[in-house]
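*Asks:* Structure provided below as C-alpha cells; questions to follow.
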Amino acid sequence: MSLPTYNFVSRFRISIHPNQSQYTEKQWSLLTNYSRHSDSGHQHPRVKTGSALAKAGLKKIVLKKVMSSLQRTPTLPPGTKPLDNQVAGHQNTEGKIGCLLHEDGTILKPVQCPPKGQREVEFYQELFSEQKSDDKVLLQLRDLVPKFHGLVHSPKESDARFMKLENLLLDMKHPCVLDIKMGRKTYDPQASQEKMALEIAKFPPAQNIGYQISGMQTYSPSTGKSQKFDKYFCKNLNEETIVFKGFGKFFSLDGVLQKEVIKAVIVRLKEILEWFNKQRTFHFFASSILIVFDGDVNSPLSSKSPTSSAGLKGSVADNCCNGDTDSIIENDFSDVISSDFVDSVTDGQSESVHPKVQVRMIDFAHVYHMPEEDENYVFGLKHLIDDLHRLLNS
Ligand SMILES: Nc1ncnc2c1ncn2[C@@H]1O[C@H](COP(=O)(O)OP(=O)(O)O)[C@@H](O)[C@H]1O
Ligand SMILES: [Mg+2]
C-alpha cells in the first residue's frame, strides 16, 4: 500500500516514507486520510487532523514531517500544474506557487503582492485593453510580449490571482529557455539604498554590459535530457564568459552552435530595439527577455503558418505539451529573416536549422510611465545584440 499522491501535481506529493509496519492501524489510517484530504484539495485539515495524529501517539518527528508537507502544499487552481520549464523568478518551491501550466495550454503567472503585482496587472491591462487604441507604438508592443488573456481567481484561495498569459513554449517538444534580465539598473526609482546595493551585488558585470542571465535550460538530443542552470551558475559568469560559456552553452545542442537560432534571435531583438527607439512611454526595470527554441532536432517547421511580427512563430499546436506532430514541412527561413541581415551575419553556411524560436519581453512588475527614452534598457539591448554577433562570428 502506498500513500495517495497527487494526480496532477506530482511535485507537491507528500513525502512520508510509506512504511506501514511502523505505525498502528489507526495511525496509518489517519496518515493516509490526512494526505488524501489534502489531495482532494477541498480542505486543509491541518489543525484538526494534526491534533488527531498527535492524540494517536505518532512520533513528533512524523507529525512535523506531515505538517510541513502540508504547509508546502499550495492549492493550485483546477487544471493546472507547475511549469516544469520555468528557469527563473518566483518558482514552485517551499510552499510558494510559481508559474503554472494550464491544461488549455496557457501560463498562469501568480499576481505578486502589491505594489509589484498590481503594476504588472495594470501594465498588461493597459496594453491589451479592449478599447480601441490609436497608439501605434502601444499596439506594436503587443507583439513583443506574451498575449494577455485576463485575470484568473483561484476558487480555493480567494486572495490568489493569476495573469493568464500566452505560453511561449507552446508547440515545443524540448524547449531550451533563457531568461535575460535587462538593464544596468535592475532596481526601480522607488528602491531603497539597501535594495539598490543588493541588486548591484547580484551581478556586478551588469553595470558594464547592461544585462544578466537569470536562468536557463538546455537540451541534449543525444541523451534526451534537459538541464537547468540556476542563478548561481549565472552569477559566476563575467563579461566574457557570459557570451561564450553562457550563451555558447545555451545556443548549442550537443556542442554544436545553433547559428540559425542565434540569427533568428538577433532579428527579433532588433525589432525590440526598434520599438524602444520609438517609444517614450515606459521604463522597464528588472524586466527580462525570454528566449526559447525547440531543442528537438527532428522538429518540423511550418514557416507558412500564422506568424508573429517577427515571422518566427511555428504553427500553434492544439496540445502544448506532447509535441506530437507527424507532418514534416520543408524548413525555409528565407521569408522570415531579411536577406540583408542574413548576408551580414552568415558566411553562407548553415550548420543547423531550428525553426521554433520565441523572443519576448516578460516580467513587468517594475514598469513605470516615463516620457523619455529608456536608455537603461536600450544600453543592455544593444550590448546583448553585439555579444550575440560576437558569438555568431566566433
Ligand atoms: N509566458 C510565458 N511562457 C513561458 N514561460 C514563461 C512565461 N512567463 C514566464 N515564464 C517562465 O517563468 C519564469 C519567470 O517569469 P517572470 O515573469 O520573470 O516571473 P517573476 O516575476 O517571478 O520573475 C521565466 O524565466 C520563464 O521561465
Ligand atoms: Mg523575472
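*Asks:* Can you tell me which residues in segment 167-211 are of a type in the set (Asp, Glu) and within 16 Å of ligand 2 (Cβ to nearest atom)?
*Replies:* Asp179, Asp188, Glu199
*Asks:* Follow-up. Restricted to segment 96-111, and to residues that are over 12 Å from Leu76 (Cβ atoms) and not charged (D, E, K, R), which residue is farthest from ligand 2 (Cβ to nearest atom)?
*Replies:* Going through the qualifying residues, I end up with Gly105.
*Asks:* A further question on this structure: Of all residues in segment 145-158, which are touching a strand residue (DSSP E or B) at 6+ places or on another chain (Cβ under 9 Å), assigned to a loop (DSSP other than H, G, I, E, B) and more than 16 Å from ligand 2 (Cβ to nearest atom)?
*Replies:* Selection gives Lys147, Ser154.
*Asks:* State yes or no: is Glu260 more than 18 Å from the chain's Cα centre (by Cα), in a helix (DSSP H, G or I) and at pLDDT below 95?
*Replies:* Taking the combined requirement at face value, the residue satisfies it.
*Asks:* Let me ask another. Return the residue satisfying two criteria in turn: it lies in segment 251-261 and is buried (at least 22 other Cβ atoms within 10 Å of the Cβ) and of a type in the set (A, V, I, L, M, F, W, C), and of such residues it is nearest to Glu126 (Cα to Cα).
*Replies:* Taking the candidates together, the pick is Val261.
A quick yes/no check of all residues on (1) at pLDDT 95 or above; (2) touching a helix residue (DSSP H, G or I) at 6+ places or on another chain (Cβ under 9 Å); (3) not aliphatic (A, V, I, L, M):
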| position | (1), (2), (3) |
| --- | --- |
| Ser158 | no, no, yes |
| Asp171 | no, no, yes |
| Arg184 | yes, yes, yes |
| Ser222 | yes, no, yes |
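*Asks:* Among the candidates Gln131, Gln125, Gln91, which residue alone is modelled with pLDDT of 95 or more and open to solvent by 30 Å² or more (accessible area, probe 1.4 Å)?
*Replies:* From the options Gln131, Gln125, Gln91, the qualifying one is Gln125.
*Asks:* In segment 351-394, which residues are away from ligand 1 (no atom under 16 Å from the Cβ), among the charged types (D, E, K, R) and at pLDDT 95 or above?
*Replies:* Those that are away from ligand 1 (no atom under 16 Å from the Cβ), among the charged types (D, E, K, R) and at pLDDT 95 or above: Glu372, Glu373, Asp374, Glu375, Lys382, Asp386, Asp387, Arg390.
*Asks:* What's the number of the only condition in (1) more than 14 Å from ligand 1 (Cβ to nearest atom); (2) of a type in the set (A, V, I, L, M); (3) over 28 Å from Leu273 (Cα atoms); (4) open to solvent by less than 40 Å² (accessible area, probe 1.4 Å) that Leu151 fails to meet?
*Replies:* If we test Leu151 against (1) more than 14 Å from ligand 1 (Cβ to nearest atom); (2) of a type in the set (A, V, I, L, M); (3) over 28 Å from Leu273 (Cα atoms); (4) open to solvent by less than 40 Å² (accessible area, probe 1.4 Å), just (4) comes out false.
The rows are residues; the columns are (1) within 20 Å of Val87 (Cα to Cα); (2) part of a helix (DSSP H, G or I); (3) of a type in the set (A, V, I, L, M).
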site: Met172; (1), (2), (3): yes, no, yes
site: Val177; (1), (2), (3): yes, no, yes
site: Ala201; (1), (2), (3): no, yes, yes
site: Gln212; (1), (2), (3): yes, no, no
site: Gln217; (1), (2), (3): yes, no, no
site: Leu237; (1), (2), (3): yes, no, yes
site: Lys245; (1), (2), (3): yes, yes, no
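The values are calculated or read from the model by the stated rules, or taken from the named source; none is laboratory data. Since we're looking at a predicted model, the values are computed, not measured. Using ideal geometry, Cβ is built from the backbone for each residue, glycine included, and neighbour counts are taken over all protein chains shown. Accessible surface is based on the protein model in full, side chains and every heavy atom, while ligands, DNA and RNA are left aside. Shrake-Rupley method; radii C 1.70, N 1.55, O 1.52, S 1.80 Å.
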